[in-house]
1. Specify the angular offset, from 0 to 90 degrees and rounded to the nearest 10, of the alpha carbon long axis of helix 51-65 from the longest principal axis of the alpha carbons in the chain.
2. Over all Cα pairs of segment 20-161, how is the pair count split among 5 Å bins, expressed in % and running from 0 up to the last occupied bin?
3. By how many degrees, 0 to 90 and rounded to 10, does the Cα axis of helix 121-154 deviate from the longest principal axis of the chain?
4. State, to one decimal in nm, how far the label point of Leu77 lies from the label point of Ala152, with both points 7 Å from Cα in the Cβ direction.
5. Translational D (Stokes-Einstein, µm²/s) of segment 48-109 at 20 °C and 1.002 mPa s when Rh comes from the Kirkwood sum over C-alpha pairs?
6. Once every DSSP H run of n ≥ 4 in the chain is given -39500 (n - 2.57) and the sum is divided by its residues, what mean residue ellipticity at 222 nm do you get, rounded to the nearest 500 deg cm²/dmol?
7. Give the aspartates and glutamates reachable from Lys32 as a straight Cα distance under 14 Å; neighbours fewer than 8 places away on the same chain don't count.
8. Report, to the nearest 10°, how far helix 10-21 tilts away from the longest principal axis of the Cα atoms in the chain, using its own Cα long axis and a range of 0 to 90°.
Amino acid sequence: MTIEREPVTIEDRLRLVYGTLKMERVMALTGKSEGYLTALTLPSRRETLSMLLAEQLDLEYHRVTGQGFPLYEALGLRLETAGAGRFAEAAVIAQLARQFAKEGGEAIAAMVDAAMSSGDPDTLKKTLRELEDADRLNNLSITAVRQALAHARDGPPPPPD
């Protein structure tokens, strides 16, 4: 049965390393059994690749092929992907801050106008609209910051397997 996987995963890169180095060499290098090493390539298994083992395998792969460090590169891609979500959240917060500053400033100016208008209904209606616009953006901003706080506290959602 074929197991569906993301195109570049640590497990995928591990299979590349095994195929290049051959399993006998990998077992000798790491002192691990074939069953354990194979389990590391299955995302559904609980066994996970240690950083020390990844380093050993990447260095040997590089020594043999003279090319790259596939496990390190896959981890880097995974970290960049996780970081992209945080940068996206920061961009949303920045955009909302800009809009909130504009709407908040307009609401304050409208409140000053309302205070000086001696109760003019049109001015009060305009002030209410400006305050409601600022409040709407305030609520969106609160939601965005709460979401960013949850991700900062709990970490980003796990990448797909």
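What follows is calculated from the coordinates using simple rules that are stated; it is not laboratory data. Not measured: the values here are computed from a predicted model. Cβ: placed from backbone, ideal geometry, glycine included. Neighbour counts: every protein chain shown.
1. Roughly 60 degrees between the two axes.
2. The percentages, shortest bin first, are 2, 8, 11, 11, 10, 8, 7, 7, 6, 6, 5, 5, 4, 4, 3, 2, 1, 0.
3. Approximately 20 degrees, to the nearest ten.
4. With each label point 7 Å from Cα toward Cβ, the separation is 3.0 nm.
5. The diffusion coefficient I find is 142 µm²/s.
6. Value at 222 nm, helices only, nearest 500: -26000 deg cm²/dmol.
7. Glu24, Glu47
8. On a 0 to 90 degree scale, this one is about 20.
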